[in-house]
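Novice: Can you read through this structure? Questions will come right after.
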Amino acid sequence: VGTGQEELTQKYKLAEQEIAVLKQKNRELQKTAAHSVSEMDAEAKNLEVELEQAHVEVQRIQAEAERAHKASSAEVQRLQAEVETARSARSEESAMHEKYKGETERLNQEMESMRAHVKRVEAEAQRFAEQRAAAFKEQVSELTSRVGTLEAAAGEANAAAERYRREVEENLGELEDLREGYKSMAEKYSKECRRRRELHNTLADLKGRIRVFCRVRPLSEKERARSRGEDVVRFPEEDTIAISLASGVKNFEFDRVFTQAQGQDAVYEDTNPLVTSVLDGYNVCIFAYGQTGSGKTH
């Protein structure tokens with residue numbers, strides 16, 4: 001009986017080990033059930049086979065225990081309880097399998113929904129791509145037309161530039177001729193200026209280097225009232241002034257005499273040659289002389 005009990009104990013340990021292995025496989029099955037339903041089904045079938053094998057083994061152990069005069073009935077009962085627990089676990093696994101199966105069906109439905117959504121998105125993307133392609137094609141056509149227009153304009157611009165270049169070359173030739181003509185004219189002008197200065201200075205020498213002009217200013221209101229309308233100044237010639245005095249009329253001669261009616265332009269006309277001499281580089285002095293109130297400022 002002792003030897004039979006030891007064998008039964010060893011077998012019981014082996015059964016516990018197998019049950020532990022089954023529990024481990026059950027946990028692994030629970031972990032892998034979420035990833036693959038088909039794999040879980042196969043594992044469940046294997047588990048059923050192993051459970052059946054375990055059940056057969058338990059029955060064999062029970063038979064051996066009975067043959068061993070029921071020496072360890074309590075142990076057998078405990079093994080039966082373990083078997084019942086394993087069966088309960090199998091029931092739970094079956095329930096879990098159904099649960100996972102329903103979850104898998106739901107995931108399949110969501111997958112089908114996602115596939116339909118993907119197809120709609122692909123159709124929308126295809127339609128958008130076709131619209132973009134048509135718009136791009138139209139833009140390319142428009143740009144091609146504009147390029148043709150620009151090329152034509154560039155051709156016209158090149159032709160115009162060529163015309164302008166020829167005109168510039170012709171103008172440059174004319175400008176060179178004008179420069180030569182201007183140079184010749186400048187040389188002639190310089191010669192004429194030198195000749196004019198010589199003639200002008202000769203004329204100035206003939207007229208005299210010192211000249212005295214006489215200019216009579218108009219009478220003021222007081223002078224007119226005092227003279228009672230009598231004019232005491234007369235101008236017989238351009239270079240002569242006659243003044244009526246108490247002792248008689250006295251004549252004075254100058255290089256030039258200007259009357260009251262003559263303006264600044266007449267004075268400048270006779271002094272113009274002197275200004276020209278100044279511009280030619282000669283020293284000239286022009287000054288007004290007379291007593292206070294005689295008309296120097298005028």
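The values are calculated or read from the model by the stated rules, or taken from the named source; none is laboratory data. In this text, all values refer to a predicted model and were calculated from it rather than measured experimentally. So basically every Cβ, Gly included, is an ideal-geometry build from the backbone, and we count neighbours across all protein chains shown. Accessible surface areas use protein heavy atoms only, side chains included; no ligands, DNA or RNA. Shrake-Rupley method; radii C 1.70, N 1.55, O 1.52, S 1.80 Å.
Novice: Please go through the stretch 283-298 and give me each residue that is in contact with a Ser or Thr (Cβ under 7 Å, 6 or more places away or on another chain) and either surrounded by 11 or more Cβ atoms within 10 Å (Cβ to Cβ) or more than 17 Å from residue 210 (Cβ to Cβ) (or both), ordered by number.
Specialist: Hit for the stretch 283-298 is 284, nothing else.
Novice: On the given criteria, is residue 220 open to solvent by 100 Å² or more (accessible area, probe 1.4 Å) and among the hydroxyl-bearing types (Ser, Thr, Tyr)?
Specialist: no
Novice: If you go through the stretch 252-282 one residue at a time, how many are open to solvent by 100 Å² or more (accessible area, probe 1.4 Å) and either at pLDDT 85 or above or at positive phi (or both)?
Specialist: Total satisfying the criteria: 5.
Novice: Ok, one more. Kindly indicate which of 98, 103 is modelled with pLDDT under 85 and open to solvent by less than 90 Å² (accessible area, probe 1.4 Å).
Specialist: Matching residue, one of 98, 103: 103.
Novice: Which one of 80, 62 is part of a helix (DSSP H, G or I), out of contact with any Leu (no Cβ under 7 Å at 6 or more places or on another chain), among the polar types (S, T, N, Q) and at pLDDT 75 or above?
Specialist: Checking each option against the conditions leaves just 80.
Novice: Within the stretch 227-236, can one find any residue that is modelled with pLDDT of 85 or more, open to solvent by 100 Å² or more (accessible area, probe 1.4 Å), within 21 Å of residue 295 (Cα to Cα) and out of contact with any Pro (no Cβ under 8 Å at 6 or more places or on another chain)?
Specialist: Yes, the stretch 227-236 contains a residue that is modelled with pLDDT of 85 or more, open to solvent by 100 Å² or more (accessible area, probe 1.4 Å), within 21 Å of residue 295 (Cα to Cα) and out of contact with any Pro (no Cβ under 8 Å at 6 or more places or on another chain).
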